[in-house]
Structures are given as structure tokens and as C-alpha cells.
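A.B. asks: Here you go, one structure.
The values are calculated or read from the model by the stated rules, or taken from the named source; none is laboratory data. The structure presented is a predicted model; accordingly, all values stated were derived computationally and were not measured. Methodologically, a virtual Cβ is constructed for each residue, glycine included, from the backbone with ideal geometry; neighbour enumeration extends over all protein chains shown. Only protein heavy atoms, including side chains, enter the accessible area calculation; ligands, DNA and RNA are left aside. Shrake-Rupley method; radii C 1.70, N 1.55, O 1.52, S 1.80 Å.
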Amino acid sequence: MAYANNDFSNKFEKIMPRPEKSRIVSAPHHGFTFKPVGIKMIDLEIISLGLDELEAIRLADLEEKYHQDAANEMHVSRQTFGNILNSARKKIADFIINHKSLTIRGGNIELSHEISDYHCEDCKSNNMNSNK
């Protein structure tokens, strides 16, 4: 947690963190849910995988892009891309190994210019930011 020293007092004030930037994704994905066969949804813990995490998996694992190239495509730093990718891989492993439900949706994303004519059916916009 970051604090700043105020010249007018000896107290420390909490500094607000930087707002999260939107991540660029190249393919629109509607919400999907996956679950193990033979277990009712009501009995499963749900894991949410953001669209930015899905995009990182697509770029790194499916398209086998270097992290720097994938980060440039998503308009984030290489470190941020690595953090997104690690988070996604951990969630997918938890889903498979611990027999949970995996829902893919949301995240702080924007669609790339190649598909900017796509409009979300839920919010009627091309910015699919679920933090609204």
C-alpha cells in the first residue's frame, strides 16, 4: 500500500492506485460456462475467467506468440501481459484439477479496430467493460 508524506502534517495519506487500462482483444467472445460432466451447477464453485485472460491464453498458447508481441497486441506492458497470462493459467488449472465451473466473461477490455463494428448485445456498445 502506498502512502505520501504531507508537508502540512506528519500524518501519511493513502494514495489512490492508478486506474486499470482497458486491454485490447481481437475476437469477440460471448459468455461461456464450462463444467464437469455429472455434477450439478448448483454444487460447483464458479471461477470467472476475464476476456483479457482468455485473449492472453489465445495469443501465448494457441498462437504461440512471444510475450512482448502479444503484449503489444493487447496494448499492455510485457509484465502486465505475463501477470494476466499467469492468472488465466492458474484459474484454468483450478477449474480442471478441482472440478469447478469456469465462466468466461467480462473484464476491462476494448475490441481491436479490426472488429470495432461488433456491438455487445447486452450493453449495445463495442466497449465490453464489465466494470460499468
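A.B. asks: Restricting attention to the stretch 81-97, report how many residues are more than 16 Å from Thr33 (Cα to Cα), in contact (Cβ under 8 Å) with a residue 12 or more places away in the chain and not aliphatic (A, V, I, L, M).
C.D. replies: 4
A.B. asks: If I go through the stretch 37-88 residue by residue, how many of them are among the hydrophobic types (A, V, I, L, M, F, W, C), open to solvent by 20 Å² or more (accessible area, probe 1.4 Å) and part of a helix (DSSP H, G or I)?
C.D. replies: Qualifying residue count for the region: 5.
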